[in-house]
Amino acid sequence: MLAKDLISGTISPLLLSDTANKAMDLMEEFKVTHLPVVSSIDSNNKTLLGLISEEDLLNIENPSITLDEVHDLLSSNFILENQHIYDAIFLMGNNKLSVIPVVTSKHSYIGSINTRSIIKFLNEFTAINQTGGIIVLEMNQHDYSLAHIAQIVESNDSKIYNSHISSVNNVNNIEVTIKINNENIDAVVHSLERYKYNIKYTFNNTTESNSKLEENYESLMSYLNI
């Protein structure tokens, strides 16, 4: 999935002629702490000038001044429309952004990605709304083979929905999380143990726990005003 595929239609950009006070009002309305600033509302001449943050706006003594008077506060964070969504997630996380502007190769602004778009993407990508079980393994990074793990899972009439690798305190070890399509994960766990895999955690999505997960997700979406 590309960055342009996750553009949110709810984020309106600012102009240099807009006041700091208007920027704060729009941030409150959109529930974000950053907004893009563009050169024009004309879609054929809408160049991205930068990104303004709530933190910078709060430090302005006179909220009635225009953004043109504080253009030096604009940051240059953006992502190209054809970059992978992983790049957008990295930029937003690394720079603590609530919004990342999306531009063409000619730096024309075409929209923005916000945290709500990212959460929706992760919900679909990680199969969080699919019933099944979760198994977390810990192993030396040199012993990792997704093909072998998948072979064991499939030998027990199950499929891997999603897998994720994360580092642990031991620099040589990794944590491998897999979500499978079978709620009864006992057979898969026993097979993995027979092959000397270290099972760190298991989570079995019963109807009750899955309903709770969906309830928590809906609460989060409601909080984010989606």
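About the centre of its Cα atoms, the chain shows a dipole size close to 600 debye [charges on the beta carbon of Lys, Arg (+1) and Asp, Glu (-1) only; nearest 20 debye].
Approximating the spin labels as points 7 Å out from Cα along Cα→Cβ, the Tyr195-to-Asn181 distance works out to 1.9 nm. The packing ranking, built from the mean of other Cβ atoms within 10 Å per residue, places the peptides 156-164, 109-117 in the order 109-117, 156-164, highest first. Distance between Cα centroids, the stretch 13-83 to the stretch 91-151: provide it in whole Å. Distance between centres, Cα-based: 27 Å. Here the spin labels are modelled as points 7 Å beyond Cα on the Cα-Cβ line, and at Val168 and Asn21 they lie 5.7 nm apart. Give the label of the value calculated from the structure for log10 I(q)/I(0) by the Debye sum over Cα atoms at q = 0.08, 0.09, 0.11, 0.15 Å⁻¹, choosing from [x] -0.57, -0.64, -0.74, -1.05; [y] -0.43, -0.52, -0.70, -0.98; [z] -0.30, -0.38, -0.56, -0.99. Structure-derived value, by its label: [y].
Between Ser98, Ser17, Ser53, the residue with the greatest mean-square fluctuation in the GNM of the chain (Cα pairs under 10 Å linked by springs) is Ser17. Does the stretch 130-217 classify as rounded, prolate or oblate by the C-alpha gyration tensor (a ≥ b ≥ c root eigenvalues; a/c under 1.5 gives rounded; else a/b over b/c gives prolate, otherwise oblate)? The shape class here is oblate.
Label reach from Lys31 (point 7 Å along Cα→C-beta): in the stretch 8-23, amide nitrogens under 16 Å belong to 8-12.
Close amide H pairs (under 5 Å, H built 1.01 Å from N) link Thr47 with Ser39, Ser40, Tyr109, residues at least 5 positions away or on another chain. Please give the net charge around Leu97, taking every other residue with its beta carbon less than 15 angstrom from that of Leu97, where Lys and Arg add +1 and Asp and Glu add -1. Result for the local shell: -1.
The calculated 222 nm mean residue ellipticity attributable to helices in the chain amounts to -9500 deg cm²/dmol, summing -39500 (n - 2.57) over DSSP H runs of n ≥ 4 and dividing by all residues.
A simple count of charges around Leu51, restricted to other residues whose Cβ falls under 15 Å of its Cβ and scoring Lys, Arg +1 and Asp, Glu -1, yields -3.
With one equal scatterer per alpha carbon and no solvent term, the Debye-computed log10 I(q)/I(0) for the stretch 1-90 at 0.12, 0.14, 0.25 1/Å reads -0.38, -0.51, -1.35. For the chain, the number of Lys pairs separated by eight or more positions or lying on different chains, with C-alpha atoms closer than 19 Å, is 13.
Rule-based calculations on the coordinates, nothing more; no lab input. Note that this is a predicted model, so its numbers are computed, not measured. Neighbour counts are summed over all protein chains in view; Cβ atoms, including those assigned to glycine, are modelled from backbone coordinates with ideal geometry.
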